[in-house]
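Here is the structure we will look at.
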Amino acid sequence: MSKTVVITGAAKGIGKAIAKTFAYSGYNVCINYNTSEEEAKSLCEELAKDGCNVIICKADVTDRKQVDKMIDTVISSFGNIDVLVNNAGISEYKLFIDIDEKDLKRMLDVNILGTFNMTQSVLKKSMLPRKDGTIINISSIWGMVGASLEVAYSTSKAAIIGMSKALAKELAPSNITVNVVAPGAISTDMLKELSDEDMKVLQDEIPLGKIGRVEDVAATVKFLASYEARYITGQVISPNGGLVI
Ligand code: NAD
(Lines give C-alpha, C1' and ligand atoms only; values in the text may rest on other atoms or scores of the structure.)
Protein backbone atom coordinates (compact mmCIF):
# COMPACT_ATOMS: atom_id res chain seq x y z
CA MET A 1 0.00 0.00 0.00
CA SER A 2 1.22 3.49 -0.83
CA LYS A 3 2.44 5.70 1.99
CA THR A 4 0.87 9.07 2.66
CA VAL A 5 2.58 12.42 3.20
CA VAL A 6 1.13 15.77 4.27
CA ILE A 7 3.16 18.85 3.31
CA THR A 8 2.21 22.30 4.58
CA GLY A 9 2.58 25.39 2.39
CA ALA A 10 3.10 23.12 -0.61
CA ALA A 11 1.56 25.17 -3.45
CA LYS A 12 4.85 26.84 -4.32
CA GLY A 13 8.55 27.13 -3.53
CA ILE A 14 10.26 24.42 -1.50
CA GLY A 15 6.96 22.79 -0.46
CA LYS A 16 5.94 22.35 -4.10
CA ALA A 17 9.25 20.62 -4.91
CA ILE A 18 8.79 18.33 -1.89
CA ALA A 19 5.23 17.50 -3.03
CA LYS A 20 6.43 16.65 -6.55
CA THR A 21 9.29 14.49 -5.26
CA PHE A 22 6.98 12.43 -3.03
CA ALA A 23 4.19 12.23 -5.64
CA TYR A 24 6.55 10.89 -8.34
CA SER A 25 7.91 8.38 -5.79
CA GLY A 26 4.44 6.84 -5.44
CA TYR A 27 3.27 8.48 -2.21
CA ASN A 28 -0.29 9.69 -1.68
CA VAL A 29 0.23 13.43 -1.22
CA CYS A 30 -1.80 16.07 0.59
CA ILE A 31 -0.79 19.51 -0.66
CA ASN A 32 -1.76 22.01 2.02
CA TYR A 33 -2.19 25.66 1.08
CA ASN A 34 -3.68 28.70 2.76
CA THR A 35 -3.88 31.54 0.23
CA SER A 36 -2.24 30.10 -2.94
CA GLU A 37 -5.35 28.34 -4.28
CA GLU A 38 -4.59 28.82 -7.99
CA GLU A 39 -1.05 27.43 -7.61
CA ALA A 40 -2.31 24.48 -5.52
CA LYS A 41 -4.98 23.59 -8.09
CA SER A 42 -2.60 23.75 -11.03
CA LEU A 43 0.03 21.65 -9.20
CA CYS A 44 -2.65 19.08 -8.36
CA GLU A 45 -3.82 18.94 -12.00
CA GLU A 46 -0.24 18.59 -13.26
CA LEU A 47 0.48 15.69 -10.89
CA ALA A 48 -2.89 13.98 -11.43
CA LYS A 49 -2.30 14.07 -15.21
CA ASP A 50 0.90 12.11 -14.57
CA GLY A 51 -1.06 9.49 -12.60
CA CYS A 52 -0.07 10.68 -9.12
CA ASN A 53 -2.42 10.35 -6.15
CA VAL A 54 -2.80 13.90 -4.85
CA ILE A 55 -5.34 15.99 -2.97
CA ILE A 56 -5.24 19.67 -2.06
CA CYS A 57 -6.46 20.90 1.33
CA LYS A 58 -6.93 24.52 2.34
CA ALA A 59 -6.02 25.25 5.95
CA ASP A 60 -4.31 28.04 7.83
CA VAL A 61 -1.83 26.13 9.99
CA THR A 62 -2.25 28.68 12.79
CA ASP A 63 -5.92 27.67 13.17
CA ARG A 64 -6.27 24.37 15.04
CA LYS A 65 -9.86 23.75 13.90
CA GLN A 66 -8.85 24.07 10.23
CA VAL A 67 -5.83 21.83 10.84
CA ASP A 68 -7.91 19.09 12.54
CA LYS A 69 -10.47 19.20 9.71
CA MET A 70 -7.72 18.86 7.11
CA ILE A 71 -6.12 15.90 8.90
CA ASP A 72 -9.57 14.17 9.11
CA THR A 73 -9.95 14.70 5.35
CA VAL A 74 -6.53 13.19 4.63
CA ILE A 75 -7.26 10.15 6.82
CA SER A 76 -10.63 9.56 5.19
CA SER A 77 -9.03 9.88 1.72
CA PHE A 78 -5.87 7.81 2.26
CA GLY A 79 -6.36 5.79 5.49
CA ASN A 80 -3.49 7.14 7.59
CA ILE A 81 -0.52 9.51 7.57
CA ASP A 82 3.05 8.19 7.41
CA VAL A 83 5.03 11.39 6.88
CA LEU A 84 4.41 14.98 7.97
CA VAL A 85 6.50 17.80 6.49
CA ASN A 86 6.04 21.10 8.33
CA ASN A 87 7.21 23.45 5.59
CA ALA A 88 4.82 26.45 5.76
CA GLY A 89 6.64 29.51 6.98
CA ILE A 90 7.03 33.25 6.71
CA SER A 91 10.03 35.55 6.96
CA GLU A 92 10.53 39.28 7.36
CA TYR A 93 13.55 41.58 7.04
CA LYS A 94 13.52 44.31 9.70
CA LEU A 95 15.87 45.94 12.15
CA PHE A 96 15.30 44.44 15.59
CA ILE A 97 14.30 47.84 17.01
CA ASP A 98 11.56 48.17 14.36
CA ILE A 99 9.91 44.81 15.06
CA ASP A 100 6.64 45.33 16.93
CA GLU A 101 4.66 42.86 19.01
CA LYS A 102 2.28 42.14 16.13
CA ASP A 103 5.19 41.26 13.79
CA LEU A 104 6.71 38.93 16.38
CA LYS A 105 3.41 37.23 17.20
CA ARG A 106 2.64 36.62 13.51
CA MET A 107 6.11 35.10 12.99
CA LEU A 108 5.78 32.79 16.00
CA ASP A 109 2.18 31.91 15.10
CA VAL A 110 2.97 30.65 11.60
CA ASN A 111 6.43 29.21 12.16
CA ILE A 112 5.99 27.67 15.63
CA LEU A 113 2.29 27.41 16.50
CA GLY A 114 1.65 26.13 12.95
CA THR A 115 4.22 23.36 13.40
CA PHE A 116 2.81 22.59 16.87
CA ASN A 117 -0.81 22.38 15.60
CA MET A 118 0.03 20.15 12.64
CA THR A 119 2.30 17.85 14.61
CA GLN A 120 -0.10 17.37 17.52
CA SER A 121 -3.07 16.75 15.22
CA VAL A 122 -1.23 14.17 13.05
CA LEU A 123 0.23 12.45 16.12
CA LYS A 124 -3.15 12.13 17.87
CA LYS A 125 -5.16 11.10 14.84
CA SER A 126 -2.72 8.78 13.05
CA MET A 127 0.90 8.31 14.15
CA LEU A 128 0.60 7.59 17.88
CA PRO A 129 -2.24 5.04 17.61
CA ARG A 130 -0.22 3.20 14.91
CA LYS A 131 3.15 3.70 16.63
CA ASP A 132 4.71 4.65 13.32
CA GLY A 133 5.63 7.82 11.49
CA THR A 134 8.19 10.38 10.41
CA ILE A 135 8.05 14.11 11.04
CA ILE A 136 10.32 16.52 9.17
CA ASN A 137 10.36 20.16 10.21
CA ILE A 138 11.78 22.83 7.91
CA SER A 139 13.97 25.26 9.83
CA SER A 140 16.75 27.39 8.30
CA ILE A 141 20.49 27.97 8.66
CA TRP A 142 19.44 31.23 10.36
CA GLY A 143 17.89 29.14 13.14
CA MET A 144 21.36 27.60 13.61
CA VAL A 145 23.60 30.66 13.41
CA GLY A 146 21.28 33.73 13.49
CA ALA A 147 20.82 36.39 10.81
CA SER A 148 21.13 40.15 11.14
CA LEU A 149 17.82 41.87 10.19
CA GLU A 150 16.01 38.56 10.77
CA VAL A 151 15.93 38.27 14.55
CA ALA A 152 12.26 37.23 14.72
CA TYR A 153 12.71 34.70 11.89
CA SER A 154 15.92 33.30 13.42
CA THR A 155 14.17 33.02 16.81
CA SER A 156 11.30 31.04 15.31
CA LYS A 157 13.58 28.76 13.29
CA ALA A 158 15.81 28.08 16.33
CA ALA A 159 12.67 27.16 18.27
CA ILE A 160 11.78 24.63 15.58
CA ILE A 161 15.14 22.94 16.20
CA GLY A 162 14.57 22.83 19.98
CA MET A 163 11.03 21.53 19.56
CA SER A 164 12.17 18.83 17.15
CA LYS A 165 15.03 17.58 19.35
CA ALA A 166 12.82 17.33 22.44
CA LEU A 167 10.03 15.68 20.48
CA ALA A 168 12.46 13.19 18.92
CA LYS A 169 13.31 11.97 22.43
CA GLU A 170 9.66 11.86 23.55
CA LEU A 171 8.44 10.02 20.45
CA ALA A 172 11.30 7.55 19.95
CA PRO A 173 9.65 4.90 22.18
CA SER A 174 6.60 5.17 19.90
CA ASN A 175 8.75 4.44 16.82
CA ILE A 176 8.27 7.94 15.43
CA THR A 177 11.27 9.93 14.16
CA VAL A 178 11.56 13.71 14.15
CA ASN A 179 14.24 15.52 12.16
CA VAL A 180 14.97 19.02 10.93
CA VAL A 181 15.98 20.17 7.47
CA ALA A 182 17.66 23.58 7.73
CA PRO A 183 18.19 24.91 4.20
CA GLY A 184 20.66 27.64 3.26
CA ALA A 185 19.78 30.24 0.62
CA ILE A 186 17.31 28.64 -1.79
CA SER A 187 15.87 30.33 -4.86
CA THR A 188 12.17 30.97 -4.03
CA ASP A 189 9.80 33.90 -3.39
CA MET A 190 11.27 34.09 0.13
CA LEU A 191 14.46 35.62 -1.29
CA LYS A 192 12.64 38.09 -3.54
CA GLU A 193 13.12 40.95 -1.06
CA LEU A 194 16.90 40.71 -1.67
CA SER A 195 18.35 43.03 -4.34
CA ASP A 196 20.45 41.64 -7.21
CA GLU A 197 23.50 43.01 -5.43
CA ASP A 198 22.58 41.26 -2.14
CA MET A 199 22.04 38.01 -4.07
CA LYS A 200 25.49 38.35 -5.66
CA VAL A 201 27.12 38.92 -2.25
CA LEU A 202 25.27 35.92 -0.82
CA GLN A 203 26.27 33.72 -3.75
CA ASP A 204 29.94 34.73 -3.38
CA GLU A 205 29.83 33.66 0.29
CA ILE A 206 28.62 30.14 -0.53
CA PRO A 207 31.57 27.72 -0.87
CA LEU A 208 29.78 25.73 -3.60
CA GLY A 209 29.34 29.05 -5.42
CA LYS A 210 25.61 28.95 -6.13
CA ILE A 211 22.22 29.57 -4.57
CA GLY A 212 20.44 26.28 -3.77
CA ARG A 213 17.55 24.84 -5.77
CA VAL A 214 14.24 23.73 -4.28
CA GLU A 215 15.02 20.21 -5.52
CA ASP A 216 18.14 20.13 -3.30
CA VAL A 217 15.92 20.55 -0.23
CA ALA A 218 13.27 18.12 -1.50
CA ALA A 219 15.89 15.39 -1.97
CA THR A 220 17.06 15.81 1.64
CA VAL A 221 13.48 15.60 2.94
CA LYS A 222 12.78 12.51 0.86
CA PHE A 223 15.91 10.81 2.18
CA LEU A 224 14.87 11.51 5.80
CA ALA A 225 11.47 9.92 5.09
CA SER A 226 13.05 6.82 3.54
CA TYR A 227 13.61 3.38 5.04
CA GLU A 228 17.37 4.03 4.75
CA ALA A 229 17.05 6.89 7.29
CA ARG A 230 15.16 4.82 9.87
CA TYR A 231 17.96 5.14 12.49
CA ILE A 232 18.17 8.94 12.19
CA THR A 233 16.19 11.01 14.69
CA GLY A 234 16.63 14.37 16.42
CA GLN A 235 19.10 15.56 13.78
CA VAL A 236 19.50 18.80 11.86
CA ILE A 237 20.49 18.25 8.23
CA SER A 238 21.43 21.40 6.36
CA PRO A 239 21.50 21.54 2.54
CA ASN A 240 23.37 24.86 2.33
CA GLY A 241 26.26 24.59 -0.17
CA GLY A 242 28.75 24.93 2.69
CA LEU A 243 27.48 28.37 3.82
CA VAL A 244 27.27 27.03 7.38
CA ILE A 245 29.69 24.27 8.33
P1 NAD B 1 7.47 30.43 0.06
O2 NAD B 1 7.02 31.73 0.58
O3 NAD B 1 7.53 30.20 -1.41
O4 NAD B 1 6.60 29.23 0.70
C5 NAD B 1 6.05 29.28 1.98
C6 NAD B 1 4.65 28.72 1.87
O7 NAD B 1 4.05 28.70 3.18
C8 NAD B 1 3.77 29.61 0.98
O9 NAD B 1 3.11 28.81 0.02
C10 NAD B 1 2.78 30.21 1.96
O11 NAD B 1 1.52 30.51 1.41
C12 NAD B 1 2.71 29.12 3.03
N13 NAD B 1 2.13 29.61 4.26
C14 NAD B 1 2.45 30.76 4.91
N15 NAD B 1 1.66 30.92 5.99
C16 NAD B 1 0.83 29.83 6.02
C17 NAD B 1 -0.22 29.42 6.88
N18 NAD B 1 -0.59 30.17 7.95
N19 NAD B 1 -0.87 28.27 6.63
C20 NAD B 1 -0.51 27.51 5.56
N21 NAD B 1 0.47 27.86 4.69
C22 NAD B 1 1.12 29.00 4.92
O23 NAD B 1 8.90 30.19 0.70
P24 NAD B 1 9.91 28.95 0.64
O25 NAD B 1 11.23 29.53 0.42
O26 NAD B 1 9.39 27.87 -0.25
O27 NAD B 1 9.85 28.48 2.17
C28 NAD B 1 9.44 27.19 2.60
C29 NAD B 1 10.07 26.90 3.96
O30 NAD B 1 11.49 26.85 3.82
C31 NAD B 1 9.78 27.97 5.01
O32 NAD B 1 9.55 27.35 6.25
C33 NAD B 1 11.06 28.77 5.04
O34 NAD B 1 11.26 29.42 6.28
C35 NAD B 1 12.09 27.69 4.77
N36 NAD B 1 13.37 28.18 4.27
C37 NAD B 1 13.48 28.83 3.08
C38 NAD B 1 14.73 29.25 2.64
C39 NAD B 1 14.92 29.98 1.32
O40 NAD B 1 16.03 30.48 1.09
N41 NAD B 1 13.94 30.05 0.45
C42 NAD B 1 15.86 29.02 3.42
C43 NAD B 1 15.72 28.36 4.64
C44 NAD B 1 14.47 27.93 5.04
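Listing for the model above:
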{"item": "Out of 3, 20, 16, sole residue that is touching a strand residue (DSSP E or B) at 6+ places or on another chain (Cβ under 7 Å), among the basic types (Lys, Arg) and modelled with pLDDT of 95 or more", "result": "3"}
{"item": "Enumeration of residues in the stretch 186-206 that are closer than 12 Å to residue 14 by Cβ, open to solvent by less than 40 Å² (accessible area, probe 1.4 Å) and not polar (S, T, N, Q)", "result": "186, 191"}
{"item": "The stretch 221-245, subset closer than 17 Å to residue 167 by Cα and outside any strand (DSSP E or B), residue most open to solvent (accessible area, probe 1.4 Å)", "result": "231"}
{"item": "Every residue from the stretch 171-182 that is open to solvent by 10 Å² or more (accessible area, probe 1.4 Å) and either within 11 Å of the ligand (Cβ to nearest atom) or hydroxyl-bearing (Ser, Thr, Tyr) (or both)", "result": "174, 177"}
{"item": "Whichever residue in the stretch 157-166 is away from the ligand (no atom under 11 Å from the Cβ) and open to solvent by less than 30 Å² (accessible area, probe 1.4 Å) and, among such residues, is nearest to residue 82 (Cα to Cα)", "result": "164"}
{"item": "Hits in the stretch 152-189 (condition: among the acidic types (Asp, Glu) and modelled with pLDDT of 95 or more)", "result": "170"}
{"item": "Test: residue in the stretch 194-203 that is within 20 Å of the chain's Cα centre (by Cα) and either in a helix (DSSP H, G or I) or without any contact (Cβ under 8 Å) to a residue 24 or more places away in the chain (or both)", "result": "no"}
{"item": "Output for the stretch 126-141, where each listed residue is farther than 17 Å from residue 86 by Cα and part of a helix (DSSP H, G or I)", "result": "128, 129, 130"}
{"item": "Residue, nearest to the ligand (Cβ to nearest atom), within the stretch 139-151, restricted to residues that are of a type in the set (S, T, N, Q) and within 21 Å of residue 216 (Cα to Cα)", "result": "140"}
{"item": "Neighbours by Cβ (under 9 Å, 6+ apart or cross-chain): first from the stretch 123-151, modelled with pLDDT of 95 or more; second away from the ligand (no atom under 13 Å from the Cβ) and aromatic (Phe, Trp, Tyr)", "result": "148/96; 149/96; 151/96"}
{"item": "Residue 154 vs. criteria more than 8 Å from the ligand (Cβ to nearest atom), assigned to a helix (DSSP H, G or I) and in contact with a Gly (Cβ under 6 Å, 6 or more places away or on another chain)", "result": "yes"}
{"item": "Residue that is nearest to the chain's Cα centre (by Cα) [pool: residues in the stretch 1-32 that are among the β-branched types (Val, Ile, Thr) and more than 12 Å from the ligand (Cβ to nearest atom)]", "result": "5"}
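Here's the yes/no breakdown for (1) within 16 Å of the ligand (Cβ to nearest atom); (2) under 21 Å from residue 21 (Cα atoms):
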{"site": "56", "(1), (2)": "yes, yes"}
{"site": "65", "(1), (2)": "yes, no"}
{"site": "68", "(1), (2)": "yes, no"}
{"site": "80", "(1), (2)": "no, yes"}
{"site": "100", "(1), (2)": "no, no"}
{"site": "104", "(1), (2)": "yes, no"}
{"site": "137", "(1), (2)": "yes, yes"}
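The values are calculated or read from the model by the stated rules, or taken from the named source; none is laboratory data. Quantities reported herein were computed from a predicted structural model and do not represent experimental measurements. No Cβ is skipped: glycine too gets one built from the backbone with ideal geometry, and neighbour counts run over all protein chains shown. SASA here: full protein model, heavy atoms, side chains in, ligands and nucleic acids out. Shrake-Rupley method; radii C 1.70, N 1.55, O 1.52, S 1.80 Å.
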